[in-house]
Amino acid sequence: MPPIEAVPRFLPLSELLRTGRAPGEIVAFSRDGVRDFADFSGRVSALCVELQRIGGSRFLLFTEDSYAFAVALLALAHSGATALLAPNRQPGTLAALAAQVDGALVDSSVAAGELARLPRIAPLELAPAAAARFGSLDPELAIAELSTSGSTGPGKAVPKALRHLDREVATLESLFGPRLGPDARVFATVSHQHLYGLLFRLLWPLAAGRAFCSETYLHSEEFFPRMRATTGFALVTTPVHLRRMRADAEL
C-alpha cells in the first residue's frame, strides 16, 4: 500500500477547498473565539447552495469581518460568480454598485433600504453544511472586481482573475513565508475590501495555512496586547502604526 501523502502547507486558492485541511485547523480568530477549517468549508458549502438558488453571476460583497468575507468570496468563486468589492460602507457607494449586481452578500447592519431590490445574505447567517465536497476552481475565473480609491477622479473597476491572486500569494509566501514560519498569526489594521488587505491579511494566510484575525484594529491599544500574547505574529498595517510600535519596548 503506497504511503499517504501529507497535505502541503501552502495550497493555491484554486485547490484550497478541494484538497482541504485538517478539520480542527484554525482559520481565523477573534475576541469571540476561533473558527476552524470544518466550520469554514461547511459555511462555504451552505452558502454555495443558497447562491445557486438565487442565481446570478455578479454579487456585491461588503462585510467588516474578514472571516465572513473569506466565506463569501470562496462561496461566490465556487458558484462561478464574481464579487464586486465595495471600497467603503457609504450608502452612495453601495447604491452605485447595487445597480451592477444580481444580489448582495453584506453585513446584517446594512439597512434593507440601501439594497432594496436585491436578494441579500449575511455571509455567516447559514449553518455549516456537513461533509462538504468541492472541485478545483478555474484559474481564469473572474473572482473579484475591486475599485480604485477615486482620489483623483471617479473610481475605476479593477477586475482580478483567480490566477492573478494565486500568483500574488505564492510570491508573498516565497518572499516572507520562511521568515514568518507556519504558526505566525496575522493581525491587520487595513481593510480586506482593498487589494493590499485582501492579499496580505486574508488570501495569503488562507493559502499558507496561517490563522488570521477576523477583526480590524484601528488603535494600537487594541491590538498590541493581543500581539504580545502570541508566540509569533505578522501585522498588516501602515507607516503610522509602525511608528507607534517603535515606542513599545515589548514589541
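The values are calculated or read from the model by the stated rules, or taken from the named source; none is laboratory data. All values reported here derive from a predicted model rather than from experimental measurement. In this analysis, Cβ positions are derived from the backbone assuming ideal geometry, glycine residues included, and neighbour counts consider all displayed protein chains. Heads up: the accessible areas ignore ligands, DNA and RNA and are worked out on the full protein's heavy atoms, side chains in. Shrake-Rupley method; radii C 1.70, N 1.55, O 1.52, S 1.80 Å.
Starting from the 7 Å offset along Cα-to-Cβ, what nm value, one decimal, do you get for the label separation of Thr19 and Ala129?
Reported label-point gap for Thr19 and Ala129 is 2.2 nm.
If the chain between Ser136 and Glu64 were fully stretched, how many nm would it gain, using 0.36 nm times the residue separation less the Cα-Cα distance?
Numbers: separation 72, 0.36 × 72 = 25.92 nm, distance 2.75 nm.
Extra length from Ser136 to Glu64 when fully extended: 23.2 nm.
When the Cα centres of segment 25-52 and segment 73-147 are compared, how far apart do they sit, in Å?
Distance between centres, Cα-based: 15 Å.
Assuming 1.002 mPa s and 20 °C, estimate D for segment 54-127 with Stokes-Einstein, Rh taken as the Kirkwood radius over Cα pairs, in µm²/s. Walk me through the numbers on the way to the answer.
Working: Rh = 12.0 Å.
Here the translational diffusion coefficient equals 178 µm²/s.
So with the 1.4 Å probe, I'd like the accessible area per residue for the chain, rounded to whole Å². Mind showing how you got there, number by number?
On the way: 12180 Å² over 251 residues.
Normalised by residue count, the accessible surface of the chain is 49 Å².
To the nearest whole percent, what portion of all C-alpha pairs in the chain is separated by more than 33 angstrom? Could the numbers behind the result be given before it?
Values: 5488 of 31375 pairs.
Roughly 17 percent, once rounded to a whole number.
What translational D, rounded to a whole number of µm²/s, comes out for segment 178-249 from Stokes-Einstein when the hydrodynamic radius is the Kirkwood one over Cα pairs, at 20 °C and 1.002 mPa s?
Working: Rh = 12.5 Å.
Estimated diffusion coefficient is 172 µm²/s.
Give me the percent of DSSP beta bridges within the chain that run antiparallel, rounded to the nearest 5. Mind showing how you got there, number by number?
Details: 9 of 28 bridges.
Restricted to the chain, the bridges split so that about 30 percent are antiparallel.
Order of 64-71, 195-202, 22-29, 134-141 by packing, highest average Cβ count within 10 Å first?
Working: 64-71: 23.5, 195-202: 20.8, 22-29: 16.9, 134-141: 15.0.
Ranked from most to least packed, the peptides come out as 64-71, 195-202, 22-29, 134-141.
Which value, in debye to the nearest 20, gives the size of the charge dipole of the chain about its Cα centre, when Lys and Arg are +1 and Asp and Glu are -1 at the Cβ?
On the way: 25 positive and 25 negative charges, 70 e Å.
Computed about the Cα centre, the dipole is about 340 debye.
Assuming 0.36 nm per residue, please report the length gained on full extension of the stretch Asp102 to Asp32 beyond their Cα-Cα distance. Don't skip to the end; give the middle numbers.
Working: separation 70, 0.36 × 70 = 25.20 nm, distance 3.23 nm.
Contour length minus the Cα-Cα distance gives 22.0 nm.
Tell me, what is the 1.4 Å probe accessible area of Ile54, in Å² to the nearest 10?
Answer for Ile54: close to 50 Å² accessible.
Tell me the carbon and sulfur percent of the accessible area for the chain, rounded to whole percent, probe radius 1.4 Å. Write out the running numbers ahead of the final one.
On the way: 6660 of 12180 Å².
After summing per-atom areas, the C and S share lands at 55 percent.
Using 0.36 nm times the number of residues separating His219 and Thr238, minus their current alpha carbon distance, what extension gain do you get? If you can, show how the numbers build up before the last one.
Working: separation 19, 0.36 × 19 = 6.84 nm, distance 1.19 nm.
Once the chain is fully extended between His219 and Thr238, it gains 5.6 nm.
Antiparallel as a % of all DSSP beta bridges within segment 12-126, to the nearest 5? Don't skip to the answer; put the middle values down first.
Details: 4 of 14 bridges.
So the antiparallel bridges in segment 12-126 amount to around 30 percent.
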